[in-house]
Every structure is written in C-alpha cells, then in structure tokens.
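Throughout, read-outs are computed from the coordinates displayed, never taken from laboratory work. Everything numeric in this text was worked out from a predicted model, so none of it was measured. Backbone-built Cβ (ideal geometry, glycine too); neighbour counts: all protein chains shown.
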Amino acid sequence: MRFILNVVLDDDKRILCITAGDPELAFYDLVNFAKSVYEVAIPKQYDIVIGGVGFPKDTNLYQASRAPSYLFFAPIPIVRKGGFFIIPARCEEGADAGVGEQRFLAAMREAPDIQFILDDARKNGYPPGQQRAFVMAKVLKDSTS
C-alpha cells in the first residue's frame, strides 16, 4: 500500500492544508487547494511585466531566471509576444560558482543566438545548467517579436 502525508504552507511556513492517503489523490487535492490560495487569474496579456522570486531565489542569476519562466509558462503567458520581463533580483552571488550555474551563464553568454541554445541542448542533452538555458531560450524565442 502506498501512502503519503503532505501539506501546503503559507509564507510564514504555517500549515494551511494537510492531506494524507493515496499519493496521487493527495497530491492533486493539495494542488487544487494551493491554486485557490496562490493563483490569480490574469485577464489579459501585457507589454511589460515586473515579477520577482524573492529570497532565496533572488541570490543569483540562475535562480532569478525562474521568474520569467514561471510567468511565461502560465496557462496564458502574461507577457504578449514582443513584450518585456523586468525581474528585480539582488543577485548577491552573481551568476554563482556552481557547475550548473556556470554552465547556464556560459550557454547564455556564448551562444551566437537563441536558436543555437535550443539546438545545442537538443543535440547534446540537458546537463545541469543547460536545461535552464534551454528554458530561458524558449522564453526569449517565444516572447520576442
């Protein structure tokens, strides 16, 4: 028998909802609850969106790049084609020194164009860092006009 116990937390790490039982049913129960608390309907697309990820995801470029991907891969991308993401992030660690973080930076910095990143990842795989470069290349390619 498979069994899980899981929770949805608020920003102060307080339990908002707790569910136990079948792993798949409990998961979807909590996803639906979390959507009711954390999702907001976006009535239209915008030319410019300011979106951040907050601490600790704002400490380096790799982590901060999650904000535009979250906004882009929403059911309806919040930024219309040709629009702009503004992501305020402190990035005290810069790009960060980890292998994945440095691979991400190199892929984004050294590529001659966005399509190169997409093709390279599809051809050579998605090692740590490369998968994030691929995601950001998709965001950039599909957001720009």
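Being under 16 Å from Gly100 (Cβ atoms) and surrounded by 12 or more Cβ atoms within 10 Å (Cβ to Cβ) is the filter here, so list the residues in region 53-83 that pass it.
Keep residues of region 53-83 that are under 16 Å from Gly100 (Cβ atoms), which gives 56-57, 59-66, 69.
Of everything in region 53-83, those that are under 16 Å from Gly100 (Cβ atoms) and surrounded by 12 or more Cβ atoms within 10 Å (Cβ to Cβ) turn out to be Lys57, Thr59, Asn60, Leu61, Tyr62, Gln63, Ala64, Ser65, Arg66, Ser69.
Can you find even one residue in region 29-39 that is loosely packed, with under 14 Cβ neighbours inside 10 Å, out of contact with any Lys or Arg (no Cβ under 6 Å at 6 or more places or on another chain) and part of a loop (DSSP other than H, G, I, E, B)? Talk me through it step by step, then tell me what you get.
Keep residues of region 29-39 that are loosely packed, with under 14 Cβ neighbours inside 10 Å, which gives 31-32, 35-39.
Pick out the ones that are also out of contact with any Lys or Arg (no Cβ under 6 Å at 6 or more places or on another chain) and you get 31-32, 35-39.
Applying the additional criterion that residues be part of a loop (DSSP other than H, G, I, E, B) yields 39.
Yes: region 29-39 contains one or more residues that are loosely packed, with under 14 Cβ neighbours inside 10 Å, out of contact with any Lys or Arg (no Cβ under 6 Å at 6 or more places or on another chain) and part of a loop (DSSP other than H, G, I, E, B).
Considering each residue of region 12-28, count those that are assigned to a strand (DSSP E or B) and among the aliphatic types (A, V, I, L, M), and give that number.
Of region 12-28, the ones assigned to a strand (DSSP E or B) are 15-21.
Keeping just the survivors that are among the aliphatic types (A, V, I, L, M) gives 15-16, 18, 20.
Summing the residues that are assigned to a strand (DSSP E or B) and among the aliphatic types (A, V, I, L, M) in region 12-28 gives 4.
When region 56-84 is examined, which residues are found to be among the aromatic types (Phe, Trp, Tyr) and under 13 Å from the mean Cα position of the chain (by Cα)?
Taking region 56-84 and keeping what is among the aromatic types (Phe, Trp, Tyr), we get 62, 70, 72-73, 84.
Scanning region 56-84 gives Tyr62, Tyr70, Phe72, Phe73.
Testing Ala89 on (1) closer than 28 Å to Lys35 by Cβ; (2) touching a Gly at 6+ places or on another chain (Cβ under 6 Å), one condition comes back false. Which one is that?
It is condition (2) that Ala89 fails.
Scanning for something within 25 Å of Leu9 (Cβ to Cβ), touching a residue at least 24 places away in the same chain (Cβ under 8 Å) and either in a helix (DSSP H, G or I) or in contact with a His (Cβ under 8 Å, 6 or more places away or on another chain) (or both), does region 43-55 turn up at least one residue?
Among the residues of region 43-55, not one is within 25 Å of Leu9 (Cβ to Cβ), touching a residue at least 24 places away in the same chain (Cβ under 8 Å) and either in a helix (DSSP H, G or I) or in contact with a His (Cβ under 8 Å, 6 or more places away or on another chain) (or both), which makes the answer no.
Out of the residues in region 89-101 that are in contact with a helix residue (DSSP H, G or I) (Cβ under 9 Å, 6 or more places away or on another chain) and not acidic (Asp, Glu), state the one that is surrounded by the most Cβ atoms within 10 Å (Cβ to Cβ). Spell out the reasoning first.
Going through region 89-101, the residues in contact with a helix residue (DSSP H, G or I) (Cβ under 9 Å, 6 or more places away or on another chain) turn out to be 89-91, 93-96, 98, 100-101.
Going one step further and asking which of them are not acidic (Asp, Glu), we end up with 89-91, 94-95, 98, 100.
On the way: Ala89: 19, Arg90: 11, Cys91: 16, Gly94: 12, Ala95: 16, Gly98: 14, Gly100: 16.
By that ranking, first place goes to Ala89.
Take region 1-11 and flag every residue that is within 20 Å of Lys35 (Cβ to Cβ) and assigned to a loop (DSSP other than H, G, I, E, B).
Of everything in region 1-11, those that are within 20 Å of Lys35 (Cβ to Cβ) and assigned to a loop (DSSP other than H, G, I, E, B) turn out to be Asp10, Asp11.
When only residues in region 111-128 that are surrounded by fewer than 11 Cβ atoms within 10 Å (Cβ to Cβ) and more than 20 Å from the chain's Cα centre (by Cα) count, which is nearest to Val139 (Cα to Cα)? Show your work before the answer.
Taking region 111-128 as the starting set, the residues that turn out to be surrounded by fewer than 11 Cβ atoms within 10 Å (Cβ to Cβ) are 112, 122-125.
Add one more test, that the residue is more than 20 Å from the chain's Cα centre (by Cα), and what stays is 112, 123-124.
Working: Pro112: 17, Lys123: 19, Asn124: 20 Å.
Selected residue: Pro112.
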